[in-house]
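The values are calculated or read from the model by the stated rules, or taken from the named source; none is laboratory data. On a predicted model such as this, the values are computed, not experimentally measured, just so you know. In this analysis, Cβ positions are derived from the backbone assuming ideal geometry, glycine residues included, and neighbour counts consider all displayed protein chains. Each accessible area value is taken on the protein alone, full model and side chains, heavy atoms only, with ligands, DNA and RNA left out. Shrake-Rupley method; radii C 1.70, N 1.55, O 1.52, S 1.80 Å.
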Amino acid sequence: MAALLVIAPGPTANGDLHLGHLAGPFLSADVCARYARATGRDSLFGTGVHFTQNYIVTTARRLGEAPEELRLRAAEQVEATLAAAGIVPDGFVRFDERYLKTVRTFFERLHGEGHLRLRKVRFPYLPDTGEYLTDAYVRGGCPVCLAEGCAGLCENCGHWIASGDLLDPRSTRHPELPVELREKEVLVLPLEEHRTALASHFARLAPTMRPRLAQLVEELMARRLPDYPITLPIDWGIPAPFAETPGQVLYSDTETVAWSLHAIALAAESRGEVPGDEERHWALEAGPEVAYFFGSDASFAFALAGTAMLLALGGLALPAHFVTNEFYELDSDKFSTSRGHVVTGRQLTAEVPRDLARYYLAATGPDFQRTNFTRAAMDRVCGQRLVEPWNRVAAKAEAYLDRGPLPVSARSRHAAALIAERFAAALRPRRFSLSAAAFTLTEQLGRLDRWEVTDADAGDFWHELDLFLRCAAPLLVDLGAEGLPDPAIPAEPTATTVRPRALPRLATGLRGGPRGGARGGARGGGR
Ligand SMILES: [Zn+2]
């Protein structure tokens, strides 16, 4: 089967990952890649950090730090947080010479093949300082939904808002200074030229797109698609390699495809592949299945503009899945690093075993709508639905430790196939849903917990318990690493006997520092 390429686009490199990040794209992508691999599928998981958005500049100003230092520090924090949460990408994008070269090569090709146009575009401009204002440099009203925010991707409606279209724009750094609109020639990708191909690709994806992305696509297709700037007249970013736009930089939000190609190339090389053409894994003849995981407010950049760039270039696989998520809230209020209303992934995994954190984030994750995290609910839900039933099931199973091998009935093989299919329905990229996976896990664990095991059906119980643990292991990485001889999920249950073995227990809190609570927790979960 063709490779599955799993991509969780990197967050802006201006801080650590909070639970909202983890509960959305990163945990999903990790579980999706682990599950695919356990079923014998070749999968590559790429993520990293996005180093060029001007939000890094505005955050650095607020913190009194150099943006170059902030982004390096943020990258280290992100990597440490992913590791603490058991999220193990194969490739991690950093800002280095090779990344710069990948980006430049990508845009030189896009330009060389005639897909970019030089257009006069209106930007807010500060006459007092001579600065053009884009994205994080400018705030105002969204012309689509009226929400207050910066230019670029609107967090509220998901539309991409050209800086010059913001209502009542003002500088984020100098809000007191007068702003005028000034035209400047920049290179753009006219998305309207790709309307027909975009419409037919999104028509194919329509049955599986989540509602917010489906709505955005519908709204965008109902109007003229924008000219998406590839270059900007600001000085933060990767210098644009074009004679027509001297002194300009590449618009950071257009790096999406080049970033993704690079992430997957790094992932393949971490498995021992020799570095080569960054596009090789996306070639149509390689037939990859590309699955993206991101917050729905990033949809325009990755799903719409990204697909348009891939269509323009041709010969590369188009993404087959855009698994989007909504906002996760903390105590019914939006996560906010600047207000200190935040729990980072490392704070949580320093307090509770990471399997519990993964389970709870999955169970309450914002797959389809805003959801809420509270620590009290987490402790209660993990105790009642995971730790206590699992520990009872493990104790019940270990009563048969010295009695193997035990016979497995045809009825149990059929039951195991049904259990595997329920997990597959939640964990295959087509209908991927962490909350559905956590729900299935809870239901199946409850069934094992209620099972009054007798000598006659102990083999069936052990057989279904073993299959359950294999299907739960992409989520419960430490339990799986310690409780399974290997992570493989059989395509079809064929066992006629099963041999009982010792099983790990789950703890509700950590003893002896991070990762000490779930035994075997220091291991990478079998990857
Ligand atoms: Zn909006």
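Side notes on the structure shown:
- Estimated FRET transfer efficiency when R0 is 35 angstrom, pair R392-R431 (beta carbons, to 0.05): 0.65
- Listed residue (A199, G247, Y35) projecting farthest to the positive dipole end of the chain, Cβ model: Y35
- Derived scalar couplings ³J(HN,Hα) [the stretch 436-448; Karplus, 6.51 cos²θ - 1.76 cosθ + 1.60; whole Hz; x for Gly, Pro]: 5, 5, 5, 5, 4, 4, 4, 4, 5, 5, x, 5, 5
- Around the amide H of H341, modelled in the peptide plane, lie the amide H atoms of S336, all under 5 Å away and 5 or more residues distant in sequence or on another chain.
- Karplus-derived HN-Hα couplings along the stretch 141-153 (A = 6.51, B = -1.76, C = 1.60, θ = phi - 60°), whole Hz, x at Gly and Pro: x, 6, x, 9, 10, 6, 5, 7, x, 7, 6, x, 6
- Under 5 Å from the amide H of Y400 lies no amide H of any residue 5 or more positions distant or on a separate chain, with H modelled from the backbone and absent for Pro and chain starts.
- Over the chain, Cα pairs under 8 Å with separation of 6+ residues give a relative contact order of 18 percent.
- DSSP-loop GluC sites (Glu not before Pro) across the stretch 176-241, with at most 16 other Cβ within 10 angstrom: E176
- Take the Cα of R499, go 7 Å toward its beta carbon, and the backbone nitrogen atoms of the stretch 397-428 under 16 Å from that spot belong to 400-408.
- 222 nm mean residue ellipticity, helices alone, for the chain (DSSP H n ≥ 4; -39,500 (n - 2.57); rounded to 500): -11500 deg cm²/dmol
- In this simple spin-label model, placing a label point 7 Å from the Cα along the Cα-to-Cβ direction at both E113 and F368 gives a separation of 3.8 nm.
- Computed magnitude of the charge dipole of the stretch 32-93 (debye, nearest 20; Cβ of K, R +1, Cβ of D, E -1): 220 debye
- Selection from Q77, L19, P500, by position along the positive dipole direction of the chain (Cβ): P500
- A 1.4 Å probe run over the chain, with the rest of the protein chains in place, finds 40 Å² accessible per residue.
- Dipole axis of the chain (+1 Lys, Arg; -1 Asp, Glu on Cβ), positive-most option in P169, Y132, L361: L361
- Size of charge dipole - the stretch 292-428 - debye, nearest 20, with Cβ of Lys, Arg +1 and Asp, Glu -1, no other charges: 400 debye
- Bridging of K120 to aspartates and glutamates at a Cα separation below 15 Å is possible for D165, E183, E185, D227, E244, once same-chain residues fewer than 8 apart are set aside.
- The stretch 228-300 versus the stretch 135-200: alpha-carbon centroid distance in Å: 22 Å
- Its Cα centre serving as origin, the chain has a Cβ charge dipole (Lys and Arg +1, Asp and Glu -1) of approximately 1080 debye.
- Take the Cβ atoms of M1 and A206, set R0 to 35 Å, and the FRET efficiency comes out at 0.90.
- Mean-position separation - Cα centroids, the stretch 429-508 and the stretch 338-405, in angstrom: 16 Å
- Amide hydrogen neighbours beyond the local backbone of G295, cut-off 5 Å, H modeled: N325
- Once the Cα atoms are used to define both axes, helix 27-38 deviates from the longest principal axis of the chain by about 50 degrees.
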